[in-house]
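Enquirer: What follows is a structure written as structure tokens; I'll ask about it next.
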Amino acid sequence: MAVTVSNLAGRKNLWPWLLLAPLALYLALFFLVPLGQVAMMSVTEPRVGLDNYEKVLTGTLYRRVFINTFFTAALVTVCCLLVGYPLAYLMNHTTERRAMAILLLITMSFWTSFLVRTYAWMVLLGNNGPVIWLLATIGFADPPGILFTRFSSTLAMVHILAPYMIMNIYSVMKKIDPALIRSAESMGAYGTSLFRHVYLPLTAPGIANGSVLVFVICLGFYVTPVLLGSPTEQMAAGLIGHQIEQFLAFGLGSAMAIVLLIVTLIVLWIYSRRFGLDRLYG
Amino acid sequence: MTAKQRSMLVRPSRRRFLQGTAAAAATTLATPHIARAQNTELYINSWGGPWLEAATANLFDPFTEETGIKINTVSPVSFAKLAQQVRTGVYEFDVTTLGGGDIVRANEAGLLEDIEPPYEGALFQNGAASHAFATKLAWRTDAGWDGTPQNWADFWDVERFPGSRSLQRYAARVLPIALLADGVPMDELYPLDIERAFAKLDEIKPHIRVWWTGGSQSTQLLRDGEVDMIGIWHGRYYEALDAGAPVAATWNQAEIDRAYWVVAKDTPNMEAAKQFVEFATSPKPLAGFVTQGNYGALNPAANEFIPDSALPRMPTSPQNYPLTFEQDMANWGGDPHEVSMRFDEWLAT
């Protein structure tokens, strides 16, 4: 035994890599190789060249869908922030019991299947659902349809993604040293001034982490906008699926996927330059 | 054994090799998996819903009983997967059904195995004609209208029949409907006047609340009253009706599609797949399938096994068929692929 331990100690630098090897191998095999194939298809299908990229970057439909995708992702991120920040603040400034109860509620919705939550929104927002009923009861003679609009798809996506935002902000808020707030107060910072100059900057990493996660995940959303959104607002993932399923346009679909990936990486790169990517993990 | 594992074992390039080794190995090393995968399991692409119920009771279970070949279903129905299977040699399903529009493309792309006609006149583009289904006009009876919609022109008439609408997101089915709404008679539809169809579609676009993409979605839209009028597959309409929803429909100007059983090119389960296609289009099983699923049998020999009580719900029955029209992909009027692309751009604007 002693021999083994000393051997391990001697190879201290190798050990973490050994532990990492299965995962690295797994990722290489089941992520990088298929990704490489997708990249290959984008420049070889139906013939070798950059035709697909030219189409994606110049076609009005594709441009419109990409702009809509980024707009939607930004909108959802902002909404998640507006909902998540006050909630995280509340969790941090209430009793431990209440904070746990709120956390439990958030994680419970988080554990529920994606599709179930989407269908639940269809029931809630549908013409015969409680929301329309309530609107009619309080005096809307002819309540507007809510389902199949940008509003309903945004609402559902915010619901699905808000936990990422809340967890990130909450974990950062929890780590703020109360002494900092007290000393700020002793220097005469109160109310909005205290919030703007002390509290908000201290929670900025949480905001940035949450926003990047929500934004990036939202870029790839597929089912929710298709089932809940309006026909005119399409997301890139939906269009990629449609291109392949309907037209067997594997090359064009691949090119769109690669463009989406590159833009996502650019967002992460900007974030990494500004805040450091390691912050995403804790 | 999952489809993937099975597929890896029997990639077509190695199939012959494996058959040989499997036979040899079976005696010495006992490799029952390979032997079983080749002979007693079949993977069929399923449409789900009422289709699957009718197919399981009348085609899948009786086939297994007769031949001992186990049937597994794979969903959803995917044309892209059919193409990808042949490209990669990894098979998820051996048998699927295709509509008239897709089968031409699939056969031209070499995705379909050559098959023998199971009955006279069965073959079209390497598919065995199985059953007819229709896209018909259906509506909510609680919409509060004076009178009932009679045809697609009424679908477009938002003054007389106010309310939201839904159609399938599928150009090949929607364009002929738009022309009928514009007054083109059913027997003069083809070749389609594409420009005129799009101009007519412009009129109804603001009133289409959803362009449905899945069968179960269309049932839900009608059943839950999300839309007041819908162009819907007739089987899905009856599903909503049987669920007790206040709905009605007309056979007038219903659009008939034919569904064909096809065998995926080079599939490792070729023999069982062909055997199944023959079984599924033979008179008795087909009669049971169309009776339960409300489809129209395309093998005329099946008709003598169909009870009269089933006829009112069948698109091809003597009383309904004269009211309907059929898709004509051979004389369609344009490149369906290009028109679909244009339809997509039109949708997004």
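Enquirer: Read through the list (1) of a type in the set (S, T, N, Q); (2) open to solvent by 20 Å² or more (accessible area, probe 1.4 Å); (3) modelled with pLDDT of 95 or more; (4) farther than 24 Å from residue B:296 by Cα, then give the number of the only condition that residue B:164 fails.
Expert: (3)
Enquirer: Scan the stretch B:284-335 for residues that are under 17 Å from residue B:259 (Cβ atoms), open to solvent by 40 Å² or more (accessible area, probe 1.4 Å) and not polar (S, T, N, Q) and jot them down.
Expert: The answer is B:300, B:313, B:321, B:326, B:328, B:330.
Enquirer: Of the residues that make up the stretch B:85-94, is at least one buried (at least 20 other Cβ atoms within 10 Å of the Cβ), at pLDDT 90 or above, in contact with a Pro (Cβ under 7 Å, 6 or more places away or on another chain) and part of a loop (DSSP other than H, G, I, E, B)?
Expert: yes
Enquirer: Out of A:248, A:260, which single residue is among the hydrophobic types (A, V, I, L, M, F, W, C), under 30 Å from residue B:170 (Cβ atoms) and without any contact (Cβ under 8 Å) to a residue 60 or more places away in the chain?
Expert: None of the others qualify; the one that does is A:248.
Enquirer: Within the stretch A:232-247, how many residues turn out to be open to solvent by 40 Å² or more (accessible area, probe 1.4 Å) and either of a type in the set (A, V, I, L, M) or in a loop (DSSP other than H, G, I, E, B) (or both)?
Expert: Total satisfying the criteria: 2.
Enquirer: Of the residues A:153, A:171, which is within 14 Å of chain B (Cβ to nearest Cβ) and assigned to a helix (DSSP H, G or I)?
Expert: A:153
Enquirer: Could you please give the count of residues in the stretch A:181-190 that are part of a helix (DSSP H, G or I) and open to solvent by less than 80 Å² (accessible area, probe 1.4 Å)?
Expert: Number of matching residues: 4.
Enquirer: Residues to consider are B:194, B:177, B:204, B:115; find the one that is open to solvent by 10 Å² or more (accessible area, probe 1.4 Å), in the same structural domain as residue B:341 (by TED's automatic domain parsing) and of a type in the set (A, V, I, L, M).
Expert: After applying the criteria, what remains is B:194.
Enquirer: Anything in the stretch B:305-346 that is at pLDDT below 90 and within 14 Å of chain A (Cβ to nearest Cβ)? List them, or say none.
Expert: Scanning the stretch B:305-346 gives B:335, B:336, B:337, B:338, B:340, B:341, B:344, B:345.
Enquirer: Which residue, of A:75, A:81, A:57, is under 26 Å from the mean Cα position of the chain (by Cα), modelled with pLDDT under 95, within 27 Å of residue A:153 (Cβ to Cβ) and away from chain B (no Cβ under 14 Å)?
Expert: Of A:75, A:81, A:57, the one residue that is under 26 Å from the mean Cα position of the chain (by Cα), modelled with pLDDT under 95, within 27 Å of residue A:153 (Cβ to Cβ) and away from chain B (no Cβ under 14 Å) is A:57.
Enquirer: So which residues in the stretch A:248-270 are within 22 Å of residue B:83 (Cα to Cα) and in a helix (DSSP H, G or I)?
Expert: A:250, A:251, A:252, A:253, A:254, A:255, A:256, A:257, A:258, listed by residue number.
Enquirer: Give B:199, B:172 a once-over and let me know the one that is more than 15 Å from residue B:137 (Cβ to Cβ) and crowded, with 21+ Cβ neighbours inside 10 Å.
Expert: B:172
Enquirer: Another one. Among (1) surrounded by fewer than 18 Cβ atoms within 10 Å (Cβ to Cβ); (2) within 13 Å of chain A (Cβ to nearest Cβ), where does residue B:73 come up short?
Expert: For residue B:73, the exception is condition (2).
Enquirer: Answer yes or no as to whether residue A:224 is hydroxyl-bearing (Ser, Thr, Tyr) and in a helix (DSSP H, G or I).
Expert: Judged against the criteria, residue A:224 is a match.
Enquirer: Now a separate question. If we keep just the residues of the stretch A:75-99 that are free of Cβ contacts under 8 Å to residues at least 60 places away in the same chain and part of a helix (DSSP H, G or I), which is most open to solvent (accessible area, probe 1.4 Å)?
Expert: Among those residues, the one meeting the criterion is A:97.
Enquirer: Is at least one residue of the stretch A:134-142 part of a helix (DSSP H, G or I), at pLDDT below 90 and of a type in the set (Gly, Ala, Ser)?
Expert: Yes, the stretch A:134-142 has at least one match.
Enquirer: Okay, moving on. Can you go through A:215, A:195 and tell me which one is under 30 Å from residue B:217 (Cβ atoms), of a type in the set (Phe, Trp, Tyr) and assigned to a helix (DSSP H, G or I)?
Expert: Just one listed residue meets the conditions, A:215.
Enquirer: Further question: I'm told residue B:100 meets every condition in (1) open to solvent by less than 30 Å² (accessible area, probe 1.4 Å); (2) not assigned by TED's automatic domain parsing to the domain that holds residue B:80 except one. Can you identify the failing condition by its number?
Expert: (2)
Enquirer: Oh, and also: Which of (1) open to solvent by 30 Å² or more (accessible area, probe 1.4 Å); (2) away from chain B (no Cβ under 14 Å); (3) under 19 Å from the mean Cα position of the chain (by Cα) does residue A:222 not meet, given it meets every other one?
Expert: The one condition residue A:222 does not meet is (2).
Enquirer: In the stretch A:29-41, what residues are surrounded by 12 or more Cβ atoms within 10 Å (Cβ to Cβ) and over 16 Å from residue B:88 (Cα atoms)?
Expert: The answer is A:39, and nothing else.
Enquirer: Of a type in the set (Asp, Glu) and in contact (Cβ under 8 Å) with a residue 12 or more places away in the chain, is that true of residue B:193?
Expert: When the stated conditions are applied, residue B:193 passes them.
Enquirer: Starting from the stretch B:164-185, keep only residues that are within 11 Å of chain A (Cβ to nearest Cβ) and over 24 Å from residue A:126 (Cβ atoms), then list their pairs with residues that are open to solvent by 10 Å² or more (accessible area, probe 1.4 Å) and assigned to a loop (DSSP other than H, G, I, E, B) whose Cβ atoms are within a distance under 9 Å, requiring at least 6 positions of separation or different chains.
Expert: B:172/B:327; B:172/B:329
Enquirer: Another question, then. From the list A:213, A:134, A:115, pick out the single residue that is of a type in the set (A, V, I, L, M, F, W, C) and within 14 Å of another protein chain (Cβ to nearest Cβ).
Expert: Exactly one of A:213, A:134, A:115 is of a type in the set (A, V, I, L, M, F, W, C) and within 14 Å of another protein chain (Cβ to nearest Cβ), namely A:115.
The values are calculated or read from the model by the stated rules, or taken from the named source; none is laboratory data. Worth saying up front: this structure is predicted, and the values here are computed from it rather than measured. Cβ: placed from backbone, ideal geometry, glycine included. Neighbour counts: every protein chain shown. The area values use the complete protein model at the heavy-atom level, side chains included, leaving out ligands, DNA and RNA. Shrake-Rupley method; radii C 1.70, N 1.55, O 1.52, S 1.80 Å.
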